[in-house]
1. Take segment 136-146 and flag every residue that is part of a strand (DSSP E or B) and either in contact (Cβ under 8 Å) with a residue 60 or more places away in the chain or not hydrophobic (A, V, I, L, M, F, W, C) (or both).
2. In this structure, does Ala140 turn out to be within 33 Å of the chain's Cα centre (by Cα), surrounded by 13 or more Cβ atoms within 10 Å (Cβ to Cβ) and not hydroxyl-bearing (Ser, Thr, Tyr)?
3. For segment 143-184: of the residues being of a type in the set (Ser, Thr, Tyr) and touching a Gly at 6+ places or on another chain (Cβ under 9 Å), which is most open to solvent (accessible area, probe 1.4 Å)?
4. Which residue, of Leu17, Leu50, Leu66, is among the hydrophobic types (A, V, I, L, M, F, W, C), in a loop (DSSP other than H, G, I, E, B) and surrounded by 15 or more Cβ atoms within 10 Å (Cβ to Cβ)?
5. Given the structure, is Thr9 farther than 23 Å from Leu104 by Cα, without any contact (Cβ under 8 Å) to a residue 24 or more places away in the chain and among the polar types (S, T, N, Q)?
6. From the residues in segment 29-47 that are crowded, with 18+ Cβ neighbours inside 10 Å and of a type in the set (Val, Ile, Thr), which one is nearest to the chain's Cα centre (by Cα)?
7. Tally the residues that are in contact with a strand residue (DSSP E or B) (Cβ under 8 Å, 6 or more places away or on another chain) and small (Gly, Ala, Ser), restricting the search to segment 10-42.
8. Mind checking which residues of segment 1-58 are of a type in the set (Phe, Trp, Tyr) and under 30 Å from Pro116 (Cα atoms)?
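The values are calculated or read from the model by the stated rules, or taken from the named source; none is laboratory data. None of the values given here were measured: they were computed from a predicted structure. Quick reminder, even Gly has a Cβ in these numbers, built from the backbone with ideal geometry, and neighbours come from all protein chains shown. We work out accessible area using only protein heavy atoms, side chains counted, and drop any ligands, DNA or RNA first. Shrake-Rupley method; radii C 1.70, N 1.55, O 1.52, S 1.80 Å.
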Amino acid sequence: VDSKGCIGTISTIEDILVRELPDLDLTITGNNPICFGDFSELAFPVLSGLAPFNLSILEGSTNNTLNVDAFGLIGGNPYQVSPSTTTIYTLTSVTDANGCIQSLNDSKTLTVNEIPVVDVLGTTEICKGDYTNINFDFSAGVSPWILSYNTNGTAGFPFQLNNISDSISVNPTTTSVYTYTAILDDNGCSS
C-alpha cells in the first residue's frame, strides 16, 4: 500500500539460504611436551562449515594462514611444528568455501624443553693408585641426569647425577680416555 492508498501485489517470493558459520577446533595431536629440535603435530577438527578452509593462526607472535581440508588436516596430514621455545598456538579466524567468516579464539600451548648441556672438567694427570674427580657442571636440562660413557672405547654402565654441579671419583691404573656419549635428563631430552 502506497501513500495514496493504492494496493500492489508481490509476484515473487525469495528464499534466503542461511549458511552455518565455519568453526574449527585446535588439537595437539603430536607429543606435548617436546624437546628442543623435535617435531609435534597440530590438527584442526571441523565443527561446521564447508571445506576447504582458510584458517588464520597465531603461532606465538607470528601470523600464518593455513589451507585446511574437510578432515582438519593440511593436504591430508597434520600440521608439523618445531618451535624453539614453548609456544602458544591461537586460532584467530576462519573462512570457508562459501565465503563465510568466523572469528575464533581457541588456543593450545606446546611446551618445548631444553636439551641438557654439561661441561666435563677434571685433572688430566695423576699418579698410579691415586683417585681423581671428574666434575660435571650442568647448564641446561632437568635433574636427575643419566650419563652414558666409555673408557678407552669400552662402554661403562650409565650413571645418574642429581646436582647442577656434581662429580664422580675414578682411579685408572693406566692412562685412560673417558668419553661421555649421551646425557638424558628427567624430561626425557637427550644430547
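1. Selection gives Asp137, Ser139.
2. It is true that Ala140 is within 33 Å of the chain's Cα centre (by Cα), surrounded by 13 or more Cβ atoms within 10 Å (Cβ to Cβ) and not hydroxyl-bearing (Ser, Thr, Tyr).
3. Here the answer is Thr173.
4. Result of the check over Leu17, Leu50, Leu66: Leu50.
5. Yes.
6. Ranking the qualifying residues of segment 29-47, first place goes to Ile34.
7. 2
8. Of everything in segment 1-58, those that are of a type in the set (Phe, Trp, Tyr) and under 30 Å from Pro116 (Cα atoms) turn out to be Phe36, Phe39.
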